[in-house]
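Each reported figure results from applying straightforward, stated rules to the coordinates on display, with no laboratory input. Quick caveat, the model's predicted, so the values are computed rather than measured. Cβ: placed from backbone, ideal geometry, glycine included. Neighbour counts: every protein chain shown.
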Amino acid sequence: MSAMKRREFLRAGALATGGALVTSRLAFARVAATERRPRFVLVILRGALDGLAAVPPYGDRDYGHLRGEFALRAPGEAKGALPLNGFFGLHPSLGFLGQSYAARELIVFHAVASPYRERSHFDGQDVLENGTALAHAAQSGWLNRALAAAPGERRREAGVALGQNVPLVMRGPAEVTSWSPSKLAGLDDDTLARITDLYARDPLLSVRLADALMADRVAAEQGGAMVQDNAAAPNMAPATAAQPQANPPPGGAYAEIVRAAAGFLRQEDGPQVAVFDTTGWDTHANEGGAEGQLAGRLAGLDKGLATLRSELGPVWKDTAVLLVTEFGRTAAINGTRGTDHGTATMAFLAGGAVAGGRVIADWPGLSSRGLYQGRDLLPTLDLRCVLKGVLEEHLGIPPQPLETSVFPQSERARTLKGLMRG
Amino acid sequence: MQQLGSTIAANRFGLGARPGELASIGGDGRGWLRAQLRGAPPAIANAQLASSAQVLGEAFALQREIQQARRSGNDGQQKLPQFLQPIYKNEATARFQQAVMADRPFLERLTQFWTNHFAVSIDKQFMAGLAGSFEREAIRPYVLGNFGDLLVAAEMHPAMLLYLDNHLSVGPHSPAAIRAGLRQRGGNRTIGINENLGREILELHTLGVGGGYTQYDVTTFATVITGWSVGGGNGLFASGPPGRFVFRPDNHEPGPKTVLGRRYADKGYEQGVEVLNDLAQHPSTAHHIATKLARHFIADDPPPAAVARLAQAFTEFGGNLPAVYRTLIDMPEAWQQPLAKYKTPADFIVSSYRGLSLPVDAAHGPLAPFELLGQRTWQPGSPAGWPDRSADWDGASALLKRLEWGDALGGRLGSRRNAAELAPQLLGANLTDATGTAIARAASAQQAMALLLAAPEFMRR
């Protein structure tokens, strides 16, 4: 049934039950709440997160000497990893993800990589986002093309990028919008109308402005809660405006973004897909182990995910959150107590809709013969297998476009089945 | 009737027309740009700005103080940012002022282009205090010189060495590594190279990705520049003049090395300079630089023929930058599509300030617009620098913020600026009837200004 017809049907239903004054939109929201409407969050970790630190294979006999002073200990030991399956652990900073795993809401993928095999961040991110095997081979992203291929009518704002601009993965034929908290006063209606007129003949600006206003309306319906940035007081009443802070706490902007993502996805009539990114994973020097630079970053990330879950509330059960990075890092520590650019790494799929509590890894081992080019974790799983699995099972994207427009020439990357709860 | 040449010269090559600028350029946009290439690049005249050596020397000392205090249980963690942040503010404000006041705005844009090419980002330790002096010391004086000199100046600058971790990189067979290995008796050696700078020089600063280098070249080049370090640091890195480049022979990987098929004898620090000199003249470098310049001045996806001609000029004139710029100025492609480039937030802000003759007031949060509109000065977040395509900047939310900012600016200015009078002076031949009419019919001076700054032809250059 098309969205339009469904709306009419729902309105008729509302009228029949006596709700004559209920608008179609509200009726849609009320009834739709009872059916499953999947939400998807993509988090891009820019800078190449060290998969051997985030998900230490403490059971691998070569792990300890490769990582030296920064090797994480087995679960149960002092500052040890969090338990996964007896071979892999989670970095001790990832407490929320550890709980998610125990609650069977997290799948950990390891030795996974995009098709990219060089070591440039920028090209690596391009491949991660464009969905082909080559950097700069497409000017659009796989997630956008997937939304464009989704069955049925889609609302304009099916996807939202949290940030002022839209990352490559969300650019393309499907109309998506971006939103970020503003400390500026809004425009009055008259000025807005005149600017809209002025943009009438400008294909780029007219669409962008319309999308921005739509996102703002959705945000406004959240009563201003989305611009609140106070992680220390999560239950505070909605703030009227963000308080400019001279010295924002670390991760402050990130927390704000996470709340905004949740605010959009909570809406029954809002976007289903949200994307945001985080940076700072390029740990060439002084990476640290159970404590230190990377540990702090991971803790911030983990806290953000916990916030996302609590902010999503009942919608969490319909949600999948995928965390990916452009590539991994060297298996061994380098000369400056960090790690250089590598190849395979980990990915996380968390959420109430995920059939979790599993590690999916065809582990190549860390012996010198097992390493890729003698230095990096060898990829044994194409990340596109995971992406296809999530898009097909969770968002209902049919296999045919997945194999053609979304991930062209990817037939060897077979869809991973069974990632979602039935 | 304004001429298209002056409009493009001032808005695309320059930093946005100031009132009267288009008239003074007259019909000869190319001549106006060429004239800016004559004479030494202007320095930023501001006696308050300290050298990178001074800043870094003090920062290292402060770091030692903090570490000592920590041993006696005191937390002084905030002291370093408290020292570095005001330096950042002064430097970024001075740069902003320079851009708004510039009489040779093409040169100013080129300076920003090269700083972005050799990007450091203030989200890494010390960079808030160094990004400005890096630009003043390693970029600005070289923008009218030879690319090879610019390259060497940028890579040897302490800011770059610290930003890409080279100061701590140690050759695996260097005297320092051997001593450390003996001490640790084969234990967990964490002394060795860091390939970050070596990789980014090849990938970002010279050849470009796909420019014909391998992982072997990256690793070997990283060993070539082992020992390129900064003086006055902590622990093993204390010797040498504080905050200045220092070559540490003890950390340098000994022996000849082969990079891109050419063998370099070991001459200590000069080994690295020789590799840089060859990289500067490599055809891949010529193509890479030509592509970036063409993308910045012609279009997001510049015509391949234009890129080829720029690369040819780069090679033919041995990396002489003014010769490359003159080739660019002469290219018809650069003058054909008047609004091919979407402004970055920084372009939008600077062109607004220039166009409206606004003072950069150091006392009143002069950098706030950059933060609000999403492009904090010297914070691209990665060594790749800020991206340079429309799609990177034309997000819905980003647009709305520009509109809100322009409206707020109009509200503050009230009737002190006349948008209708300014429009032809700023937008020249690009001014459309639709924009002119909208401004003329505006309900208030504030709204007229909001419309001028919102105009499609003001969003682009």
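Kirkwood Rh over Cα pairs of the range B:95-251 into Stokes-Einstein at 25 °C, 0.890 mPa s: D in µm²/s?
Working: Rh = 16.9 Å.
Answer from the Stokes-Einstein relation: 145 µm²/s.
Within the range A:33-86, list the trypsin sites (Lys or Arg not before Pro) lying in a DSSP loop whose Cβ has at most 13 other Cβ atoms in a 10 Å radius. Could you put the intermediate results ahead of the total?
On the way: sites: A:Arg36, A:Arg39, A:Arg46, A:Arg61, A:Arg67, A:Arg73, A:Lys79; in loops: A:Arg36, A:Arg46, A:Arg61, A:Arg73, A:Lys79.
Here the trypsin sites (Lys or Arg not before Pro) that fit, given the DSSP loop and packing criteria, are A:Arg36, A:Arg61, A:Lys79.
Tell me which residues come under 5 Å, amide H to amide H, from B:Arg460 once H is placed; ignore anything under 5 positions away on its chain.
B:Lys343
Given labels modelled 7 Å from the Cα in the Cβ direction, how far is it in nm from B:His173 to B:Ala40?
Reported label-point gap for B:His173 and B:Ala40 is 4.5 nm.
If each of A:Glu291 and B:Asp75 carries a label point 7 Å out from its Cα toward its Cβ, how far apart are those two points in nm?
1.3
Give the dimensionless ratio obtained when the Cα radius of gyration of chain B is divided by 2.2 N^0.38 Å.
Details: Rg = 24.0 Å, N = 461, 2.2 N^0.38 = 22.6 Å.
For chain B, the normalised Cα radius of gyration is 1.06.
Between B:Glu274 and B:Arg389, what's the calculated FRET efficiency when r is the beta-carbon distance and R0 is 35 Å? Round to 0.05. Before the final figure, lay out the partial values.
On the way: r = 35 Å, r/R0 = 1.00.
Efficiency for this residue pair is about 0.50.
Can you give the angle from 0 to 90° between the axis of helix B:105-117 and the longest principal axis of chain B, with both taken from C-alpha atoms, to the nearest 10?
40
Loop-only check: which trypsin sites (Lys or Arg not before Pro) in the range B:242-291 are DSSP coil with at most 11 other Cβ within 10 angstrom?
Working: sites: B:Arg244, B:Lys257, B:Arg262, B:Arg263, B:Lys267; in loops: B:Arg244, B:Lys267.
Answer by residue number: B:Lys267.
Please work out the Cα convex hull volume for the range B:136-181 and give it in Å³ per residue.
On the way: hull volume 3.8 nm³, N = 46.
With only Cα atoms used, the range B:136-181 gives 83 Å³ per residue.
Which of the listed residues, B:Val152, A:Ala135, A:Ser100, is farthest toward the dipole's positive end in the protein assembly as shown, when Lys, Arg count +1 and Asp, Glu count -1 at the beta-carbon?
With unit charges placed on the Cβ atoms, the residue in question is A:Ser100.
Return a whole-number percent for the relative contact order of chain B, with Cα pairs under 8 Å and 6 or more residues apart as the contact set. Mind showing how you got there, number by number?
Values: 745 pairs, mean separation 92.1, N = 461.
Here the relative contact order equals 20 percent.
Of the options B:Gly57, B:Ala69, B:Pro424, report the single residue whose Cα projects farthest towards the positive end of the charge dipole of the protein assembly as shown (beta-carbon charges: Lys, Arg +1; Asp, Glu -1).
Comparing the listed Cα positions along the dipole, B:Ala69 ranks first.
Hey, fewest Cβ within 10 Å first, where do A:Asp318, B:Asp250 land in order?
Details: A:Asp318 20, B:Asp250 17.
Going from least to most buried by this count: B:Asp250, A:Asp318.
Which whole-Hz couplings ³J(HN,Hα) result when phi for each residue of the range B:252-269 is put into the Karplus expression 6.51 cos²θ - 1.76 cosθ + 1.60, θ = phi - 60°, listed in order with x for Gly and Pro?
Working through the residues one at a time gives 7, 5, x, x, x, 9, 10, 10, 6, x, 10, 8, 10, 5, 7, 10, x, 5 Hz.
So which trypsin sites (Lys or Arg not before Pro) in the range A:250-299 are both in a DSSP loop and have at most 12 other Cβ atoms within 10 Å of their Cβ?
none
What shape does the range B:387-461 take by its C-alpha gyration tensor, where a ≥ b ≥ c are the square roots of the eigenvalues and a/c under 1.5 counts as rounded, a/b above b/c as prolate, and the rest as oblate? Mind dumping the intermediate values first?
Values: a/c = 2.25, a/b = 1.39, b/c = 1.61.
It is oblate, given that a/c is not under 1.5 and a/b is not larger than b/c.
Go ahead and estimate [θ] at 222 nm for chain B from helices alone: -39,500 (n - 2.57) per DSSP H run with n ≥ 4, summed, over the residue count, rounded to 500.
Working: 24 runs with 241 residues, N = 461.
Mean residue ellipticity at 222 nm (helix-derived): -15500 deg cm²/dmol.
Across bins of 20 angstrom width beginning at 0, how are the C-alpha pair distances of the protein assembly as shown distributed, in whole percent?
Pair shares across the bins are 14, 46, 35, 5, 0.
Using Cα centres only, tell me the gap between the range A:82-161 and the range A:386-413 in whole Å.
13
Within 10 Å of each Cβ of A:199-207, how many other protein chain Cβ atoms are there on average?
Values: counts 6, 1, 3, 6, 0, 8, 10, 1, 3.
Average neighbour count from other chains, rounded to a whole number: 4.
If you put +1 on each Lys and Arg Cβ and -1 on each Asp and Glu Cβ, how big is the dipole of the protein assembly as shown around its Cα centre, in Debye rounded to 20?
On the way: 88 positive and 83 negative charges, 164 e Å.
In total the dipole reaches around 780 debye.
Amide H neighbours of A:Ala274 under 5 Å, counting only residues 5+ apart in sequence or on other chains, H built in-plane at 1.01 Å?
Under 5 Å from the amide H of A:Ala274 lie the amide H atoms of A:Phe40, A:Val41, A:Leu42, A:Val160, each far enough along the sequence or on another chain.
Nearest 5 percent is fine: what portion of the DSSP beta bridges confined to the protein assembly as shown is antiparallel? If you can, show how the numbers build up before the last one.
On the way: 23 of 49 bridges.
Antiparallel bridges make up about 45 percent of those DSSP assigns within the protein assembly as shown.
Which whole-number percent is the relative contact order of the range B:164-280 (Cα, under 8 Å, 6+ apart)?
Working: 199 pairs, mean separation 31.4, N = 117.
In percent, rounded to a whole number, it is 27.
Could you tell me which of B:Val209, B:Thr258, B:Gly231 has its Cα farthest along the dipole of the range B:164-280 towards the positive end, charges placed at Cβ (Lys, Arg +1; Asp, Glu -1), taken about the Cα centre?
Of B:Val209, B:Thr258, B:Gly231, it is B:Gly231.
Over all directions, what mean area does the Cα convex hull of the range B:164-280 project, stated in square nanometres? Walk me through the numbers on the way to the answer.
On the way: hull surface 29.2 nm².
Computed as one quarter of the Cα hull surface, the answer is 7.3 nm².
Once amide H atoms are built 1.01 Å from N in the peptide plane, which residues 5 or more positions from B:Asn320, or in another chain, come under 5 Å H to H?
Under 5 Å from the amide H of B:Asn320 lie the amide H atoms of B:Phe147, each far enough along the sequence or on another chain.
How many percent of DSSP beta bridges within chain B run antiparallel, rounded to 5? Write out the running numbers ahead of the final one.
Details: 8 of 9 bridges.
Taking every DSSP beta bridge with both residues in chain B, the antiparallel ones total about 90 percent.
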